[in-house]
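Undergrad: Once you've had a glance at the structure underneath, I'll fire off some questions.
The values are calculated or read from the model by the stated rules, or taken from the named source; none is laboratory data. Note that the coordinates shown come from a computational prediction; the quantities given were computed from them, not determined experimentally. Glycine also receives a Cβ, built like all others from the backbone with ideal geometry; neighbour counts cover every protein chain displayed.
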């Protein structure tokens with residue numbers, strides 16, 4: 001299902017529910033409304049509204065913070081590749097070229113293979129995992145030999161630290177790409193939405209049109225916020241998905257480093 005259709009269903013569906021609910025409730029309550037009806041209904045509606053607002057606000061903040069954290073993680077991972085590439089340049093020629101080649105291959109694997117998989121909710125790319133593994137294996141397969149480790153101890157340590165940082169950030173990104181809100185949270189927030197909209201239909205107004213307009217607008221607002229939560233809860237998918245732009249910019253920086261900048 002497309003996000004546009006889902007948004008229309010969530011926003012329009014709740015608004016339609018409010019319109020129908022107002023019409024039905026007015027027919028049921030016709031001739032049965034006694035003095036003091038709203039004196040009882042309105043306080044109940046306000047108390048329920050406050051509880052729902054707290055729950056909805058908490059949910060919006062939670063999904064936004066998760067989205068922002070995922071975006072920060074991706075940017076940090078991409079940024080960490082630049083000092084790795086620069087530090088590798090201080091190694092002997094053979095080791096430096098290998099480390100830099102592995103770094104470039106990893107960036108391309110993330111952009112071309114891993115990112116499309118993330119947008120579909122699939123696990124991380126085995127190709128990208130292999131490339132990051134090559135960077136670690138370089139310290140054990142002779143690419144960075146014992147003599148190099150003795151002659152350039154600080155550089156080797158710095159390179160390994162950057163590799164570890166990139167790997168850690170990648171693992172965080174993959175976890176964040178597959179995280180979602182617990183089903184219980186969705187049950188609570190959707191159930192709360194239905195209750196609040198239903199209560200708004202029971203409150204009696206003399207004229208039906210203003211009642212329908214107010215109830216449907218409130219329902220549409222709730223639907224909009226629910227849709228926003230759903231979109232934000234999938235940071236690497238949907239209309240505001242985090243793009244691979246940070247890694248694409250990293251390639252440009254690596255090219256500049258090769259030019260001596």
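Undergrad: Could you grab me the full set of residues in the range 79-93 that are assigned to a helix (DSSP H, G or I) and touching a helix residue (DSSP H, G or I) at 6+ places or on another chain (Cβ under 8 Å)? Write out each step before concluding.
TA: Here is the first cut: in the range 79-93, the ones assigned to a helix (DSSP H, G or I) are 79-88, 93.
Result: 79, 80, 81, 82, 83, 84, 85, 86, 87, 88.
Undergrad: Yes or no: the range 237-252 includes at least one residue that is at pLDDT below 85 and in a helix (DSSP H, G or I).
TA: No, that holds for no residue.
Undergrad: Moving on to the next point. Could you please let me know if residue 60 is surrounded by 14 or more Cβ atoms within 10 Å (Cβ to Cβ), part of a helix (DSSP H, G or I) and in contact (Cβ under 8 Å) with a residue 60 or more places away in the chain? Full working, then the answer.
TA: Numbers: surrounded by 14 or more Cβ atoms within 10 Å (Cβ to Cβ): yes; part of a helix (DSSP H, G or I): yes; in contact (Cβ under 8 Å) with a residue 60 or more places away in the chain: yes.
When the stated conditions are applied, residue 60 passes them.
Undergrad: Just checking, how many residues over the range 176-191 are in a helix (DSSP H, G or I), surrounded by fewer than 20 Cβ atoms within 10 Å (Cβ to Cβ) and in contact with a helix residue (DSSP H, G or I) (Cβ under 9 Å, 6 or more places away or on another chain)?
TA: Initially, the range 176-191 is screened for residues in a helix (DSSP H, G or I), giving 176-177, 183-191.
Filter again for surrounded by fewer than 20 Cβ atoms within 10 Å (Cβ to Cβ), leaving 183-188, 190-191.
Filter once more, keeping what is in contact with a helix residue (DSSP H, G or I) (Cβ under 9 Å, 6 or more places away or on another chain): 185-186, 188, 190.
Qualifying residue count for the region: 4.
Undergrad: Let me ask something else. So for the range 96-107 (the condition being within 21 Å of residue 235 (Cα to Cα), part of a helix (DSSP H, G or I) and out of contact with any strand residue (DSSP E or B) (no Cβ under 9 Å at 6 or more places or on another chain)), does at least one residue qualify? Outline the logic, then answer.
TA: Taking the range 96-107 first, the residues within 21 Å of residue 235 (Cα to Cα) are 107.
Next cut, part of a helix (DSSP H, G or I) only: 107.
The next check asks that each one be out of contact with any strand residue (DSSP E or B) (no Cβ under 9 Å at 6 or more places or on another chain); those that pass are 107.
Yes, that holds for at least one residue.
Undergrad: Suppose we filter 167, 157 for residues that are over 20 Å from residue 14 (Cα atoms) and either under 19 Å from the mean Cα position of the chain (by Cα) or in contact (Cβ under 8 Å) with a residue 24 or more places away in the chain (or both); which single one remains? Spell out the reasoning first.
TA: Working: 157 fails: either under 19 Å from the mean Cα position of the chain (by Cα) or in contact (Cβ under 8 Å) with a residue 24 or more places away in the chain (or both).
Of the residues listed, the single one that is over 20 Å from residue 14 (Cα atoms) and either under 19 Å from the mean Cα position of the chain (by Cα) or in contact (Cβ under 8 Å) with a residue 24 or more places away in the chain (or both) is 167.
Undergrad: I'm checking my understanding of the structure. Among residues of the range 108-140 that are without any contact (Cβ under 8 Å) to a residue 24 or more places away in the chain, in contact with a helix residue (DSSP H, G or I) (Cβ under 9 Å, 6 or more places away or on another chain) and not in a helix (DSSP H, G or I), which one is surrounded by the fewest Cβ atoms within 10 Å (Cβ to Cβ)?
TA: 122
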